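The block underneath contains the structure these notes are about, expressed in structure tokens.
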Amino acid sequence: MVRHVRTFDALAELAPQLSVSGAILLDETYHVPWAISIPHASELADLTSVPKDRLTAAFHYVQHGSARLMTDTGERFEADKGDLFLCFGGRSHVLSLGDAVNPRPLRNLIGAATPPRVNDSAQSTSLVCGVFGVGSVPAALLRASLPSILLLRSGQSNEMDHLVSLLVNELESSQTTTNFMVARLLEMVCFAALRSEFSSPTATQIGWYPAANNPPILAALNAFHGDPSQTWDVGLLASVSALSPSRFASMFRETLGESPMAYVGRWRMILASELLRSSDQTTAEVARLVGYQSPSSFTRTFTRHFGHSPRDHRQTAANANRHTI
């Protein structure tokens with residue numbers, strides 16, 4: 001008898017918290033030269049039905065031809081047929097090909113008359129562009145664990161290639177970009193893209209992901225990330241892992257390179273930063289959500305961690321959101 005050994009999948013454990021939603025914004029062909037301006041995630045969210053309390057991450061699939069992506073900080077990426085851009089950093093960026101032209105704002109293209117598709121033309125690029133929406137807690141995890149712009153190459157993941165192919169086929173055969181199949185396929189494409197990146201030997205595996213093959217530690221992390229407002233200590237985390245506090249603390253440090261409470265404190269600050277940037281909740285509400293009963297204690301800790309107050313952090317993020325290319 002062949003025994004099948006189940007492997008532990010960190011993303012599968014995180015999936016219920018991801019609560020991924022998606023929307024297609026463009027499914028068109030452009031002729032060289034062309035350029036499209038994609039706004040910051042905060043403005044991008046206004047163009048979609050993605051709830052305001054979620055991270056809005058743009059994605060761009062090159063169905064045919066090639067495309068260039070340049071961020072507002074000058075980073076440049078080149079993609080070919082079958083490649084997928086995933087933009088969890090939230091930065092504004094420009095997609096283009098050919099000689100420099102003034103970028104057309106994405107807002108002006110949504111709902112515009114769709115140009116005719118041109119198959120197998122060296123002078124055309126077919127794009128499927130949209131957004132993924134991810135819950136605020138896992139959004140903070142993903143921001144810290146992924147590059148700002150993730151370029152997934154065709155052939156890097158057979159699973160993702162297959163799902164994207166199904167998505168494109170559904171878009172071509174359907175009269176709408178918002179049907180049940182499209183929504184489910186978008187969820188699966190997002191999940192497959194993340195799994196492909198995290199399983200890559202060259203991936204920057206920071207945050208919670210090094211615990212992928214350590215179920216007791218991951219159980220504690222999932223409990224904490226699922227309810228960061230609770231009063232967590234080493235004893236409570238250890239009880240979730242079914243380990244003694246000393247054994248848990250030792251195993252945690254061996255796995256993640258820091259103590260359990262150092263991790264808890266650091267992630268509370270990361271989550272607070274995300275909430276201040278992407279929500280309208282008050283500083284006191286953010287403090288409570290990340291586990292601080294005293295807003296003044298939260299403000300002191302936040303200021304010590306980031307070098308500026310929560311109020312200044314929110315204002316800086318708001319100013320940055322207004323300056324998009």
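Key figures for this structure:
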item	result
Residue within the range 174-181 that is at pLDDT 85 or above and farther than 29 Å from ALA272 by Cα present	yes
Single condition ASN102 does not satisfy, out of (1) out of contact with any helix residue (DSSP H, G or I) (no Cβ under 8 Å at 6 or more places or on another chain); (2) more than 17 Å from VAL32 (Cα to Cα); (3) among the polar types (S, T, N, Q)	(2)
Options LEU167, LEU163: the member that is modelled with pLDDT of 85 or more and over 19 Å from the mean Cα position of the chain (by Cα)	LEU167
Selection within the range 65-90 - open to solvent by 30 Å² or more (accessible area, probe 1.4 Å) and in contact (Cβ under 8 Å) with a residue 40 or more places away in the chain	SER66, ASP72, GLU75, PHE77, ASP80, LYS81
Matching residues in the range 58-85 - criterion: being among the aromatic types (Phe, Trp, Tyr) and closer than 24 Å to LEU166 by Cα	PHE59, TYR61, PHE85
Enumeration of residues in the range 70-100 that are under 30 Å from ALA272 (Cβ atoms) and in a strand (DSSP E or B)	THR71, PHE85, LEU86, CYS87, HIS93
Residue that is in a helix (DSSP H, G or I) and within 30 Å of VAL94 (Cβ to Cβ), where the choices are ALA317, ALA272	ALA317
Test: residue in the range 267-281 that is open to solvent by 60 Å² or more (accessible area, probe 1.4 Å) and at pLDDT 90 or above	no
Single residue of the range 286-302 satisfying the filter (open to solvent by less than 50 Å² (accessible area, probe 1.4 Å) and in a loop (DSSP other than H, G, I, E, B)) that is nearest to GLU274 (Cα to Cα)	VAL290
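Conditions (1) on the phi < 0 side of the Ramachandran plot; (2) surrounded by fewer than 16 Cβ atoms within 10 Å (Cβ to Cβ), marked per residue:
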{"position": "ASN213", "(1), (2)": "yes, yes"}
{"position": "ALA220", "(1), (2)": "yes, no"}
{"position": "GLY257", "(1), (2)": "no, yes"}
{"position": "VAL264", "(1), (2)": "yes, no"}
{"position": "GLN315", "(1), (2)": "yes, yes"}
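Here is a yes/no grid of residues against (1) within 22 Å of the chain's Cα centre (by Cα); (2) at pLDDT 85 or above:
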residue: ASP83; (1), (2): yes, yes
residue: LEU86; (1), (2): yes, yes
residue: HIS93; (1), (2): yes, yes
residue: ALA113; (1), (2): no, no
residue: ASN119; (1), (2): no, no
residue: GLY130; (1), (2): yes, yes
residue: VAL134; (1), (2): yes, no
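The values are calculated or read from the model by the stated rules, or taken from the named source; none is laboratory data. Just so you know, these numbers come straight off a predicted model, no measurement behind them. Please note: Cβ atoms are built from the backbone with ideal geometry, for glycine as well, and neighbour counts cover all protein chains shown. Only protein heavy atoms, including side chains, enter the accessible area calculation; ligands, DNA and RNA are left aside. Shrake-Rupley method; radii C 1.70, N 1.55, O 1.52, S 1.80 Å.
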